[in-house]
1. Below 14 angstrom from the Cβ of residue 27, what's the summed charge of the other residues (Lys, Arg +1; Asp, Glu -1)?
2. With runs of 4+ DSSP H residues as the only contributors, calculate the mean residue ellipticity of the chain at 222 nm using -39,500 (n - 2.57) per run, divided by the residue total and rounded to the nearest 500.
3. Taking 0.36 nm per residue of sequence separation and subtracting the Cα-Cα distance, how much length would be gained by fully extending the chain between residue 41 and residue 9, in nm to one decimal?
4. Measuring from label point to label point, each 7 Å out along Cα→Cβ, what is the residue 61 to residue 75 span in nm?
5. Taking 20 °C and 1.002 mPa s as the conditions, I'd like the Stokes-Einstein D for the chain in µm²/s, using the Kirkwood hydrodynamic radius from alpha carbon pairs.
6. Using modelled backbone amide H atoms (1.01 Å from N, in-plane), which distant-in-sequence or interchain residues come within less than 5 Å of residue 38's amide H?
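What follows is calculated from the coordinates using simple rules that are stated; it is not laboratory data. From a predicted model like this one, the values you see are computed outputs, not experimental measurements. Here Cβ is always computed from backbone atoms with ideal geometry, including for glycine, and neighbour counts include all displayed protein chains.
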Amino acid sequence: MKKGPTRRDSSPERVAAANERFREEAERYGLAYRCQQCIHLRPEGVQCALGYPNEMLALGEVRALDEEGRFVFCKDFELDD
Ligand code: SF4
């Protein structure tokens with residue numbers, strides 16, 4: 001997955017606070033964005049059908065930002081109904 005630019009203020013405290021807020025809102029609103037809910041997921045391996053390394057979105061903790069403050073969302077997510 002291509003990594004985006006680092007946010008200007010990506011101190012560990014700000015990243016942790018943003019991720020905590022995101023976890024609460026994702027649970028409250030039932031946000032679907034992880035690989036397990038995407039039609040491109042391949043259960044085997046660490047790449048999806050589009051060839052992205054998806055370990056972070058498939059297995060990682062629920063979060064909006066990585067440790068450097070970059071968004072971890074995938075623009076090719078497609079909901080698997
Ligand atoms: S397209 Fe994106 S969201 Fe879907 S399985 Fe691949 S990495 Fe995950």
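1. Surrounding charge for residue 27 is +1.
2. The helix contribution divided over the chain gives -8500 deg cm²/dmol.
3. Separation in residues times 0.36 nm, less the Cα-Cα distance, equals 8.3 nm.
4. 2.8
5. So the translational diffusion coefficient is about 160 µm²/s.
6. Residues meeting the amide H criterion: 80.
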